[in-house]
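A.B. asks: So that we are looking at the same thing, I have put the structure below in structure tokens.
The values are calculated or read from the model by the stated rules, or taken from the named source; none is laboratory data. On a predicted model such as this, the values are computed, not experimentally measured, just so you know. Note: ideal-geometry Cβ built from the backbone for every residue, glycine included; neighbour counts use all protein chains shown.
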Amino acid sequence: MPELPEVETVKRTLNELIKGKQIENVTVRLPRIIQRPDDTQAFAHMLAGHSVVHVERRGKFLRFVFDGLVMVSHLRMEGRYGLFQGDELLDKHTHVIFHFTDGTELRYTDVRQFGTMHLFQPGEDLLLKPLSKLGQEPLDPSFTVERFKEIVSGKNTKIKPLLLNQEYVVGIGNIYVDEALHRAGIHPEVSAKALTEEQLNKLHHAIVATLTEAVNAGGSSVKSYVNGQGESGSYQQQLLIYGRKDQPCATCGTLIEKSVVGGRGTHICPSCQPLAAAVK
């Protein structure tokens, strides 16, 4: 967490809140958040005077596009952005503050302290880490069923770890992989190369539908996620399988099981996603 729908929601909220604002100065209270440049004073100096053109998303990363610079930010487990008045009390977990010329502040808070920020010249960010090796955007029009088949077909790996690999398809994450596989009736341990054309068609549709519905619901607040205005998502109320261990499947009534696949907690319905189909 957060995954693509949550980051997309944060992106949209930030565009409403900070688009057009000019940075007066930047305060860095936890230097390790800043990954590039490795000098926090240089980071602050470079951003001073620049205005926010817009905020974009690439996979699970946010791209803050300024007039002449791009900042790539990853929220990791519990990173949050919020807009505040300059005289409001600081949360003790506030690590980076972007002071705007209008007296407001964009504050980055992170209880776990795993978030990162990288600053680049425009275009440079797409050629270097952490964005350079990211794969296909699943909500982009270019993510056709034909493109999905090119990515998946013939790969001798289990389908769930493949879908979680950000070098193939970006942003889906553990929650939405479980949901999409369930909707497609595919066991997470099936080999990618064993999937039939019909299964690939169903899985492609399930990925796009699941992510689209989640974005429309503002994401899933399964743990601590909120958007830039402090609002929770609501898609967790629509989850069919994730987090529902020992509860009846909404489709067939069989109790949902939880196991570990590829090192990740995994939810399946043994009737809708039979293991027999995974050992072809």
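A.B. asks: So is Leu62 closer than 25 Å to Arg112 by Cα and at pLDDT 95 or above or not?
C.D. replies: Yes: the conditions hold for Leu62.
A.B. asks: Assuming Val226 fulfils every condition listed in (1) at pLDDT 95 or above; (2) surrounded by 14 or more Cβ atoms within 10 Å (Cβ to Cβ) apart from one, which condition is it?
C.D. replies: The single condition Val226 does not satisfy is (1).
A.B. asks: Starting from the range 179-194, keep only residues that are in the same structural domain as Cys272 (by TED's automatic domain parsing), then list their pairs with residues that are among the small types (Gly, Ala, Ser) and assigned to a loop (DSSP other than H, G, I, E, B) whose Cβ atoms are within a distance under 7 Å, requiring at least 6 positions of separation or different chains.
C.D. replies: Lys193/Ser153; Lys193/Gly154
A.B. asks: May I pose another question? If Leu126 satisfies every condition in (1) under 20 Å from the mean Cα position of the chain (by Cα); (2) over 25 Å from Leu211 (Cβ atoms); (3) of a type in the set (A, V, I, L, M, F, W, C) but one, which is the exception?
C.D. replies: (2)
A.B. asks: So the check is Cβ under 7 Å with 6+ separation or different chains; which pairs have a first residue in the range 121-144 that's over 14 Å from Met71 (Cβ atoms) and a second one that's part of a loop (DSSP other than H, G, I, E, B) and of a type in the set (A, V, I, L, M, F, W, C)?
C.D. replies: From residues that are over 14 Å from Met71 (Cβ atoms), the pairs are Leu134/Val170; Gly135/Val170; Gln136/Phe143; Gln136/Val170; Glu137/Phe143; Glu137/Val170; Pro138/Ile172.
A.B. asks: Let me ask another. One residue is enough: does the range 99-115 have a residue meeting the conditions crowded, with 18+ Cβ neighbours inside 10 Å, over 28 Å from Ile172 (Cβ atoms) and aromatic (Phe, Trp, Tyr)?
C.D. replies: The answer is yes, given that some residue of the range 99-115 is crowded, with 18+ Cβ neighbours inside 10 Å, over 28 Å from Ile172 (Cβ atoms) and aromatic (Phe, Trp, Tyr).
A.B. asks: Anything in the range 72-116 that is farther than 13 Å from Val26 by Cα, in a strand (DSSP E or B) and of a type in the set (A, V, I, L, M)? List them, or say none. Write out each step before concluding.
C.D. replies: Of all residues in the range 72-116, those farther than 13 Å from Val26 by Cα come to 72-85, 87-93, 102, 109-116.
Keeping just the survivors that are in a strand (DSSP E or B) gives 72-74, 79-85, 109-110, 116.
Result: Val72, Leu83.
A.B. asks: If Gln238 meets every condition in (1) surrounded by fewer than 22 Cβ atoms within 10 Å (Cβ to Cβ); (2) within 14 Å of the chain's Cα centre (by Cα); (3) modelled with pLDDT of 85 or more apart from one, which number is that one?
C.D. replies: All conditions pass for Gln238, except number (2).
A.B. asks: Here's a follow-up. Evaluate the following for Arg57: is it of a type in the set (D, E, K, R), outside any helix (DSSP H, G or I) and more than 17 Å from His99 (Cβ to Cβ)? Don't jump to the end; show me each part of the working.
C.D. replies: On the way: of a type in the set (D, E, K, R): yes; outside any helix (DSSP H, G or I): yes; more than 17 Å from His99 (Cβ to Cβ): yes.
Taking the combined requirement at face value, the residue satisfies it.
Residues checked against (1) surrounded by 15 or more Cβ atoms within 10 Å (Cβ to Cβ); (2) modelled with pLDDT of 95 or more; (3) charged (D, E, K, R):
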site	(1), (2), (3)
Pro2	yes, no, no
Glu6	yes, no, yes
Leu14	yes, yes, no
Lys21	yes, yes, yes
Phe43	yes, yes, no
Arg58	yes, yes, yes
